[in-house]
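To start, the structure under review is shown below, and the notes come after it.
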Amino acid sequence: MRLVVVTQQVDPASPVLGATVAKLRALAARVDELVVLADSAVAGALPANTRIRLFRAPTKAGRGARFETALVAELARRPRPSVVLAHMCPIYAVLAAPLARPLGCRVLLWFTHWRASRLLRIAEHVSSTVVSVDRNSFPLSSNKLVAIGHGIDLNAFRCTERRRGEQIRLLALGRTSPAKGLETVIRAVANVPEATLITHGPSLTDEERRHRNELECLVSELNVGDRVTLGEPVSRERVPELMAGVDALVNNMRAGAPDKVVYEAAATCLPVLASNPVFAGFLHDELRFPRGNVAALAARIRGLAELDLAAIGVELRGRVECEHSTDSWADRIVELASA
């Protein structure tokens with residue numbers, strides 16, 4: 001079996017797209033050949049049965065043209081690919097569908113985000129199947145949707161035993177986007193004197209850079225600079241180390257797609273406090289809070305002292321193993337490719 005995957009970047013160190021590499025490796029282990037069409041890639045990141053074709057160009061039109069040229073060449077090879085999987089960018093599915101589907105090659109769109117768009121609606125219409133974490137992680141109603149879990153690398157995120165101290169050590173990871181709800185987290189921590197918070201994440205857009213400045217001002221205004229640290233982006237290799245040094249992850253992402261970092265933390269046996277309703281079936285009630293509710297989050301943070309965090313962490317790891325591993329994710333993709 002041959003599969004073609006289209007993604008933006010192949011780089012295990014990327015703080016944004018590094019997780020994609022583990023999924024690609026899992027797919028490569030299940031097929032004869034995996035072809036990855038990407039804008040950029042680092043050498044040696046994928047197994048020997050993988051070929052990478054780059055379509056980087058200085059303009060959108062140029063990238064589109066180079067992508068279509070590369071895809072046409074792959075569709076002409078024998079055996080023909082069973083599936084073209086478009087990863088997160090709907091435009092790839094839109095461009096691939098008229099080339100691949102008339103030849104009997106299915107087009108799958110992997111998408112997990114809260115934002116709907118006209119382009120996404122078109123991509124859903126032209127794709128053979130849409131795959132996402134669950135039915136709540138895709139922003140459109142679709143009878144093409146198949147839930148396959150998030151695909152967490154359990155080898156990279158291993159269960160870690162943690163020693164509890166007098167302080168409640170919290171971690172928040174992700175871009176400094178207003179959608180992440182970090183203001184609420186900082187205000188809640190300010191209300192719990194025994195709590196500390198470290199955040200790490202990039203600021204890639206003007207909005208995110210402005211919001212980072214706003215968060216820095218808030219930390220100063222609340223006089224919690226000794227307990228709240230707004231850190232810089234870190235490579236994916238450092239994330240398990242950061243998780244090993246805290247008592248819980250806090251995630252206040254806006255409702256919609258489930259944030260991958262919640263499952264990664266759970267894989268390391270780290271309890272998670274989260275507001276997104278999509279985690280209602282994954283996290284117990286004592287680990288969930290209403291988004292934007294500072295008092296409720298502060299109460300949950302204080303409540304951590306009364307919980308058996310080790311036992312909760314082991315239970316969460318088991319749920320990730322069953323429903324959200326890279327192996328189970330790749331198995332479902334291959335099943336859909338064979339259907």
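The values are calculated or read from the model by the stated rules, or taken from the named source; none is laboratory data. The structure presented is a predicted model; accordingly, all values stated were derived computationally and were not measured. So basically every Cβ, Gly included, is an ideal-geometry build from the backbone, and we count neighbours across all protein chains shown. Note: accessible area is taken over every heavy atom of the protein model, side chains too, but ligands, DNA and RNA are not part of it. Shrake-Rupley method; radii C 1.70, N 1.55, O 1.52, S 1.80 Å.
Filter segment 326-338 down to residues that are among the polar types (S, T, N, Q) and surrounded by fewer than 23 Cβ atoms within 10 Å (Cβ to Cβ) and give me whichever is farthest from the chain's Cα centre (by Cα). Walk me through it before giving the result.
The initial filter retains those residues of segment 326-338 that are among the polar types (S, T, N, Q), namely 326, 328, 338.
From what is left, the residues that are surrounded by fewer than 23 Cβ atoms within 10 Å (Cβ to Cβ) are 328, 338.
Working: Ser328: 16, Ser338: 26 Å.
That would be Ser338.
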How about segment 105-137: which of its residues are within 30 Å of Ile312 (Cα to Cα) and open to solvent by 10 Å² or more (accessible area, probe 1.4 Å)?
Phe111, Thr112, His113, Trp114, Asp134, Arg135, Asn136
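What do you reckon, is Val294 in contact (Cβ under 8 Å) with a residue 24 or more places away in the chain, in contact with a Lys or Arg (Cβ under 6 Å, 6 or more places away or on another chain), surrounded by 15 or more Cβ atoms within 10 Å (Cβ to Cβ) and aliphatic (A, V, I, L, M)? I'd like the intermediate steps shown before the answer.
On the way: in contact (Cβ under 8 Å) with a residue 24 or more places away in the chain: yes; in contact with a Lys or Arg (Cβ under 6 Å, 6 or more places away or on another chain): yes; surrounded by 15 or more Cβ atoms within 10 Å (Cβ to Cβ): yes; aliphatic (A, V, I, L, M): yes.
For Val294, the condition - in contact (Cβ under 8 Å) with a residue 24 or more places away in the chain, in contact with a Lys or Arg (Cβ under 6 Å, 6 or more places away or on another chain), surrounded by 15 or more Cβ atoms within 10 Å (Cβ to Cβ) and aliphatic (A, V, I, L, M) - is met.
Closer than 30 Å to Leu3 by Cα and at pLDDT 95 or above: does that describe Ser275?
On the way: closer than 30 Å to Leu3 by Cα: no; at pLDDT 95 or above: yes.
The answer is no for Ser275.
Being more than 17 Å from Arg300 (Cβ to Cβ) and at pLDDT 95 or above is the filter here, so list the residues in segment 163-175 that pass it.
Listed by number, the list holds a single entry, Leu173.
Looking at Ala43, Ala28, which one is surrounded by 20 or more Cβ atoms within 10 Å (Cβ to Cβ) and either touching a Phe, Trp or Tyr at 6+ places or on another chain (Cβ under 9 Å) or over 28 Å from Ser177 (Cβ atoms) (or both)?
Values: Ala43 fails: surrounded by 20 or more Cβ atoms within 10 Å (Cβ to Cβ).
It is Ala28.
Tell me the residue from Pro81, Pro98, Pro102 that is out of contact with any Phe, Trp or Tyr (no Cβ under 7 Å at 6 or more places or on another chain), open to solvent by less than 50 Å² (accessible area, probe 1.4 Å) and of a type outside the set (Asp, Glu), please. Can you show your working first?
Details: Pro98 fails: open to solvent by less than 50 Å² (accessible area, probe 1.4 Å); Pro102 fails: open to solvent by less than 50 Å² (accessible area, probe 1.4 Å).
Only one candidate passes the filter, namely Pro81.
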Right, Ser328: of a type in the set (Gly, Ala, Ser) and under 18 Å from Lys23 (Cα atoms) or not?
yes
Pick out the one residue from Ala61, Ala57 that is of a type in the set (A, V, I, L, M), over 23 Å from the mean Cα position of the chain (by Cα) and farther than 22 Å from Val16 by Cβ.
Ala61
